[in-house]
Amino acid sequence: QVQLVESGGGLVQAGGSLRLSCVASGSISRFSTMGWYRQGSEKQRELVAAITFGGSANYADSVKGRFTIFRDNAKNTVSLQMNSLKPEDTGIYYCNVRDIFDSWGQGTQVTVSS
């Protein structure tokens, strides 16, 4: 199982941008998917975006056109560029690696004020 360390959360006004980053320690296979999930207050954890080793990405409908996920296989990192942020994007964002094991980061808070 890999260890994941996230960074980049914070407070931003609506319409602003943030970039989240996640570094994974340990070995990650070419069959892995790296992604970001979020959990708002009184909501279930939901997929925001995910990307395969080969670079195929998928996004939640609510973030399409605003968020972009990047992956650097050489550095074992995954990043999420979030633009045009909305108050409903507020939540704790978790980095995830789905490989032989399912690994999660500790979460980073994103707060978007109106």
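Just so you know, all these numbers are worked out from the coordinates, no wet-lab data involved. None of these values were measured; they are calculated from a predicted model. Backbone-built Cβ (ideal geometry, glycine too); neighbour counts: all protein chains shown.
For residue 82, neighbours were defined as the other residues whose beta-carbon sits under 11 Å from its Cβ, and their charges (Lys and Arg +1, Asp and Glu -1) total +3.
Add +1 for every Lys or Arg and -1 for every Asp or Glu among the other residues with Cβ under 15 Å from the Cβ of residue 63, and state the total. So the surrounding residues net to +3. Each Cα pair under 8 Å and six or more residues apart adds its sequence gap; the mean of these over the residue count of the chain is a relative contact order of 37 percent.
Candidate cross-link partners of residue 43 among the lysines, defined by an alpha-carbon separation under 30 Å and a same-chain spacing of 8 or more, comprise 64, 86. With 0.36 nm allotted per residue and the present C-alpha distance subtracted, the residue 11-residue 62 stretch has 16.4 nm of extension available.
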